[in-house]
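The values are calculated or read from the model by the stated rules, or taken from the named source; none is laboratory data. Just so you know, these numbers come straight off a predicted model, no measurement behind them. Heads up, the Cβs are rebuilt from the backbone with ideal geometry, glycines too, and the neighbour counts pull from every protein chain shown.
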Amino acid sequence: MVSTATVSSKGQITLPKRLRSRLGIQTGDLVTIEARDGRIVIQKAPHIFELIGIGGRSVGAARERKRMEEAVARHVMGKDE
């Protein structure tokens, strides 16, 4: 599936709805963006818990999950503490 998007004056694009739906990308999801062989490749980033295999069922898991997601988001945005 090929789609087009316009780059705004701020360098932003909007991912077309049919691509977001097809890839399961929802508001707030992280994506990876990579330059590869003269192309830009955008992929849905795996959720941190998918990477480490945690189901998030223990007491306090929601708080820990939020803390970890915020840390990953800061890292991705280059705002590590």
List every residue pair whose Cβ atoms sit under 9 Å apart, with the two residues 6 or more apart in sequence or on different chains, where the first one lies in the range 24-42 and is in the same structural domain as G78 (by TED's automatic domain parsing) and small (G, A, S) and the second, anywhere, is in a strand (DSSP E or B) and surrounded by 10 or more Cβ atoms within 10 Å (Cβ to Cβ). none
Restricting attention to the range 16-44, report how many residues are hydroxyl-bearing (S, T, Y), closer than 17 Å to M77 by Cα and out of contact with any strand residue (DSSP E or B) (no Cβ under 9 Å at 6 or more places or on another chain). 1
All but one of (1) modelled with pLDDT under 85; (2) part of a loop (DSSP other than H, G, I, E, B) hold for A62; state the number of the condition that does not hold. (2)
Please tell me if I54 is modelled with pLDDT of 85 or more and assigned to a loop (DSSP other than H, G, I, E, B). no
